[in-house]
Amino acid sequence: MSPQLQPKSGSSLAGPTNVPAFEKELDRLVALARQGHKPGATFNNPSEEWLISQMHVLQDLPEAEQQKLLSEASVIDKDAAEANAAGRAAGRAWPEVVVRLNTGGYAFFSQLGVVRRPDLTQYFIDGFAKNRDGVVFSTESQTLFAEVFAHINDYMEEKLASGDTIVQSDRQVGDAPGRSFHARQMLFGTRYMQIPMMWRQLTFPASEEISRQEPDILEVSLPHWLEDLGLPDELKQRVRDAGLTQLVFKAPTKGLSLHLGFDYVGEHKMGPLSIAMFKVKEVDGLAIQAALSMARAKTLAGQNKNTALITIGPSLHGKSTLTIMLELANSELAKKLNLDPDADEGVYPMNDDIVLLQPLKEPVKVTKDGKESTLYYGIDGTENNLYAMPFGLNKEEDPITFEAVRGTDEDPNTEETLENVPVDLDSGAPNFLSNPVRNMRVTLSRTRLVTKKGANDILKKITNGRETEGVHVPVEDTDQVFWQAVMRQNTVVPPLRRLTPEQYIRVLMYGEAVQMGAAIGAIGRPYVEYFSDPFIIGLEDQNANNLYNIVKKIEEGGLEQQYFVFNTGGVGADTNDQASGAKYKKIPRELTLMLQEALLRDAVKFQYESHLGSDIAVAIVDKSGNEVLDLRDDWLPENIYGAEDYSQRITELSRRRFYGENSEDKAGILRYTKVLNGLYDLSDIPVPNNERELTWLLSFFWNVDQAYDTLADLDANRAEGSAPDAAVSQGLQDIYAKATASELSLPSSASAALASLGLRAS
């Protein structure tokens, strides 16, 4: 890792003192999981048929047991309706049973939680700077879990020796040759067979040879660990007293993600992915929560361009929509632009969650259309299929995705796999219009989707036959990369903006989102999530630094890149707390998709907007420059709010984005003090109003370990960083002068600190 991000002893970025007894048991656990089952053991990579044979399928149960479960279901349905009526997600969708669908597939219902729980995720800090916002596994917790791990290890040792109880699945994360990871899942018990079944669907097969090798990544899962392990009652009570009955424990340097007390598949799929993300970050790459696709589209100039679309954003904010639903053949926009149909066009979906930006072992030189470039990074999807949100899915509005999920009457999808989707028991059909837990999921077959989209030949055309299928970008054959972000929190920003690389990375740092159900929290609540990723391991600041270095290196190599942000929410709301008001308008999905297509066709007209300091989309134009769609009156916030109101809203938003409302507000990005100074232009930063804001500003440009609230505290800790260069120091002096002219008030004790920090008193 970058030397400047290595924590010093006593730093706020350093982890707690590690407990030797705990580390000993942790290493033993890792060693046992790496050892795995003996070849030929029944529980060693059993078949899908075997997994299904262990399932508690409703239709196969005795009538009396079915009726008991249906009675329980009616109570759950009533509780869910009450929760939904109050604006909350339900705790469960159905009882602990599997329902066979009319396609021959299966519906599962999680019982121990229905969303991912970053608040219950804790990290073992071992040789790297800790997360600013993550929960560190404390010395006290280590002492307690030295005993717990000893019991887990004894239990694991016994079961591996007998070859039973622990279901082992060996798979691959990613499919890029030389850039994929061997991951092993160890599930204790056969009670929740959806965990290995769906995880296998989301990963790539591992050969028998690879399966016998030590894995790169381990996921160990004990859903009912307090009941199954035979722990002493007093130990269980201490665990309860510590509030650790449910725990996702990550030891990234050991390659381990341990899950205690969970059955929601989304948590289990993220376990191995988060470790892969750390491993990539260790070698100065980066993992991002993003959708990924390849598009081959004809521009207004008549040129077919191959574009890698990387769309970063929080769960349920539209990433998958831009990946899955974008259609170029016979599109409405193509007709508006008078473009002739072209059989070579299409969109090839690759990924909808985690994308890895990995340095190539050796740079690759390519010549395309007489232009030579050098490739330094791979752009790799991680999952074989898509873990998608099917809420609202219907055949009339989205026949392609619907048939990819369900199949047709003539060709039903016998591998249809659903999680927390209500099912009509009379018909055996899922009800995608009822979403009691606000987080229903489906394993969406990527190959079926590609077929239904008529995109089977797109990758072949892009690569001139070199590749026909996969989830890694063929960078050798890529003309340009579109770095995109989706957000829906602030209704004062327009539907589409074009950004500089620095602005784009700052948008990711803002992490502005609205709670949609994929994580715990009140539906509709605005929140911020740095880089849209609640599972960053290690110092968050490094993600911004690594991405900046990556895009600059790609730029150096000659591959064209552009940067955009979509507002997939609405415009004109009274406040950011609610999507409502007399002027509020929801941005329709159709408009977002049309703008995406227009970008690919080079048909978007941009104008510079001084308040935002970036280009905004004002129209879609044809090859003659005629506007076929005008965005100004209906969709530009300045015209909706009025110039004065709009300017005031942007000013307030900018202030919060840099400083936050207070020292506890995660929205203020100056708190990420180890971010490269070059990512921030001083002219973009509002003048500080008080001592805390001034200190945050200086903390950032001094690159100390944290944003301090007082000048005295910063002065006392300035040795953590270093003084900014002369140009930045002069810029800070100018900002300070403007602040004092605006009646910035500082305590008398601040004078000495200011001088130590290089500022002259006004």
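Here, each number is a calculation from the coordinates, and none is a lab measurement. Just so you know, these numbers come straight off a predicted model, no measurement behind them. With ideal geometry, Cβ positions are generated from the backbone for all residues, glycine too; neighbour counts draw on all protein chains shown.
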Give me the dipole magnitude in Debye, nearest 20, for the range 601-734 about the Cα centre, with unit charges on the beta carbon: positive for Lys and Arg, negative for Asp and Glu. 320 debye
Long-range Cα-Cα pairs in the range 483-642 (distance over 27 Å), rounded percent: 28 percent
When Phe145, Phe391 are ordered from fewest to most other Cβ atoms inside 10 Å of their Cβ, what list results? Phe391, Phe145
So, by mean Cβ neighbours within 10 angstrom, what's the order for 268-275, 137-144 with the highest one leading? 268-275, 137-144
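Please report the relative contact order for the range 604-647, taking Cα pairs under 8 Å with a sequence separation of at least 6, and give it as a percent rounded to a whole number.
The normalised contact order for the range 604-647 reaches 25 percent.
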Please list, or write none, the aspartates and glutamates whose alpha carbon is within less than 18 Å of the alpha carbon of Lys78, excluding same-chain residues fewer than 8 places away. Glu96, Asp424
What nm distance separates the two modelled labels at Leu433 and Ser663, each placed 7 Å from Cα along Cα→Cβ? 5.3 nm
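Report the local net charge at Ala388: Lys and Arg +1, Asp and Glu -1, summed over other residues whose C-beta lies under 9 Å from its C-beta.
Residues near Ala388 contribute 0 overall.
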Which value results for Rg/Rh of the range 233-337 when Rg is the Cα radius of gyration and Rh the Kirkwood radius based on the inverse mean 1/r? 1.21
Once the Cα atoms of the range 648-756 are picked out, what are the Rg and Dmax in Å? 12.8, 38
Cα gyration tensor category, rounded, prolate or oblate, for the range 1-115 with a/c compared to 1.5: oblate
Near Lys586, which aspartates and glutamates are there with a Cα under 12 Å away, not counting those fewer than 8 places off in the same chain? Asp634
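Grab the Cα-Cα distance for Gln648 and Ala329, subtract it from 0.36 nm times how many residues apart they are, and report the gain in nm with one decimal.
My answer for the length gained is 110.5 nm.
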From a point 7 Å beyond the Cα of Ser11 in the direction of its Cβ, which residues of the range 105-139 have a backbone N at a distance under 15 Å? 125-133
For the range 161-239, I need the span (max minus min coordinate) of the C-alpha atoms along each principal axis, in Å, sorted largest to smallest. 50, 24, 21
Debye calc, one equal point scatterer per Cα of the range 323-462, no solvent, log10 I(q)/I(0) at q = 0.16 1/Å comes to -0.99
Assign unit charges at the C-beta atoms only (+1 for Lys and Arg, -1 for Asp and Glu), then state the dipole size of the range 232-333 relative to its Cα centre in Debye, rounded to the nearest 20. 300 debye
Which helices, taking whole DSSP H runs in the chain, have alpha carbons extending 20 angstrom or more along the helix axis plus mean Kyte-Doolittle at least -1.0? 20-35, 63-85, 139-162, 265-282, 726-741
Running Debye on the chain with equal point scatterers at the Cα sites and no solvent, what base-10 log of I(q)/I(0) appears at q = 0.10 Å⁻¹? -1.10
Run the numbers on the range 648-756 and let me know its relative contact order in percent, using alpha-carbon pairs under 8 Å that are six or more apart. 24 percent
Using 1/(1 + (r/R0)^6) with R0 = 41 angstrom and r between the beta carbons of Ala343 and Thr500, what's the FRET efficiency to the nearest 0.05? 0.65
Coordinate range along principal axes, alpha carbons of the range 425-508, Å, largest first: 53, 45, 17
I need to check one value: relative contact order of the chain, counting alpha carbon pairs closer than 8 Å and at least 6 residues apart, in percent. 12 percent
